[in-house]
1. Give me the residue from the stretch 227-238 that is of a type outside the set (A, V, I, L, M, F, W, C) and over 21 Å from PHE272 (Cα atoms) and, out of that set, most open to solvent (accessible area, probe 1.4 Å).
2. Take the residues of the stretch 155-169 that are touching a helix residue (DSSP H, G or I) at 6+ places or on another chain (Cβ under 8 Å) and modelled with pLDDT of 95 or more: which is farthest from MET109 (Cα to Cα)?
3. So, of the residues in the stretch 33-56 that are farther than 18 Å from ARG23 by Cβ and assigned to a loop (DSSP other than H, G, I, E, B), which turns out to be least open to solvent (accessible area, probe 1.4 Å)?
4. Report every pair of residues separated by at least 6 positions or lying on different chains whose Cβ atoms are under 6 Å apart, first residue within the stretch 190-204 and touching a residue at least 24 places away in the same chain (Cβ under 8 Å), second among the aliphatic types (A, V, I, L, M) and open to solvent by 20 Å² or more (accessible area, probe 1.4 Å).
5. Please state which one of ARG216, ARG156 is within 22 Å of ARG304 (Cα to Cα) and part of a loop (DSSP other than H, G, I, E, B).
6. Where residues in the stretch 59-77 are touching a Lys or Arg at 6+ places or on another chain (Cβ under 9 Å) and farther than 14 Å from ARG34 by Cα, which of them is least open to solvent (accessible area, probe 1.4 Å)?
7. Please verify whether the stretch 216-226 includes one or more residues that are in contact with a helix residue (DSSP H, G or I) (Cβ under 6 Å, 6 or more places away or on another chain) and surrounded by fewer than 19 Cβ atoms within 10 Å (Cβ to Cβ).
8. Do you know which residues across the stretch 94-152 are of a type in the set (Lys, Arg), assigned to a strand (DSSP E or B) and more than 30 Å from ALA273 (Cβ to Cβ)?
Amino acid sequence: MAEELDEIELLDEGSDQLYEHLRLEVDRGQEAIRIDKYMAEHVPHSSRNRIQKAADAGFVHVGGRAVKSNYKVRPGDVITLMLDRPHYDTTIEPEDIPLDIVYEDDDLMVINKPAGMVVHPGCGNFSGTLVNAIAWHLRDVPGYDPNDPQVGLVHRIDKDTSGLLVAAKTPEAKTELGAQFFNHDTHRSYNALVWGNFSEDSGRIEGNIGRDERDRLRMAVYPAGGDVGKTAVTHYRILERYGYTTLVECRLETGRTHQIRAHMKHIGHPLFADERYGGTEILRGERTASYKAYIQNCFRLCPRQALHARTLGFRHPRTGEQMDFSSALPADMQALIEKWRKYIKQ
């Protein structure tokens with residue numbers, strides 16, 4: 001159920017039909033408390049924040065009518081979670097899918113994810129994901145249950161982003177690693193090709209990130225310190241300039257959904273080939289037919305946002321040793337960058 005609530009953030013609006021995913025009847029002796037608190041206590045592996053998102057989206061109903069998260073439950077209330085897609089089985093089955101394992105020990109594994117692979121089963125992607133592959137790889141490890149939220153992936157990256165991820169094999173490892181991510185004690189950097197040139201060699205982007213009110217599949221940047229969205233900070237450094245595009249290194253101080261993609265668009269530099277954030281438009285350059293053809297060839301070389309999780313660093317959850325990993329740029333981004341290098345020389 002927790003995974004289904006997570007998917008609320010990524011659904012399209014406009015569905016007229018709702019499907020029941022959960023039904024609760026409030027006990028006769030229940031005191032009047034907020035529905036988000038009540039459901040968080042009664043829905044396995046859920047949280048108050050997830051319930052609030054569901055209520056904000058109009059998916060939490062009492063007596064057949066949508067209610068807000070501040071609704072006070074009453075004895076005998078029938079609460080239903082109604083989502084705009086049919087219920088699906090979220091059981092994670094092991095699948096024999098090759099993994100690029102950078103490091104592995106008894107506590108954790110670091111994986112280099114290819115672009116195009118979904119990290120976790122969800123709406124429209126119920127198999128072939130990274131966690132299905134991990135389940136197969138660890139199928140003979142005693143005590144590892146891929147359906148137990150206390151083990152497995154500690155963080156996520158987008159389907160069309162490539163690069164490094166860490167997965168925990170034990171509850172103790174996941175708890176410790178999760179705390180490091182929560183407290184911003186990890187080190188993560190990404191390489192991205194973005195539209196436009198920069199006047200500076202480095203910079204800092206600070207702005208809350210929250211769901212775009214006009215497009216729920218996209219994130220937007222809101223004023224830092226405001227009530228909308230969550231605090232997000234990205235540091236960037238220029239690696240190479242190609243005139244109309246720039247190769248940058250982005251270092252995450254926080255880890256929000258689509259953080260780099262949303263922040264770079266916010267400062268006028270969308271990621272190259274990032275369709276969701278406007279990067280598949282020709283945003284810089286000439287108006288000639290030959291230049292337009294050149295850009296289309298670039299899009300064919302790397303038909304996804306040009307973003308790669310290049311480095312990952314954390315303390316080992318058991319030994320405390322600092323662990324640092326790096327991953328070479330994948331072939332599609334290498335080819336794209338080389339094409340721009342040749343272009344600027346010409």
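1. ASP227
2. Step by step, filter the stretch 155-169, then rank; the result is SER162.
3. Only one residue tops the list, namely ILE33.
4. Matching pairs, first to second residue: TRP195/LEU283; PHE198/ILE238; ASP201/ILE238.
5. Testing whether each residue is within 22 Å of ARG304 (Cα to Cα) and part of a loop (DSSP other than H, G, I, E, B) leaves just ARG156.
6. PHE59
7. yes
8. none
The values are calculated or read from the model by the stated rules, or taken from the named source; none is laboratory data. Everything numeric in this text was worked out from a predicted model, so none of it was measured. Every residue, glycine among them, receives a Cβ derived from its backbone with ideal geometry; neighbour counts consider all protein chains shown. Accessible surface is based on the protein model in full, side chains and every heavy atom, while ligands, DNA and RNA are left aside. Shrake-Rupley method; radii C 1.70, N 1.55, O 1.52, S 1.80 Å.
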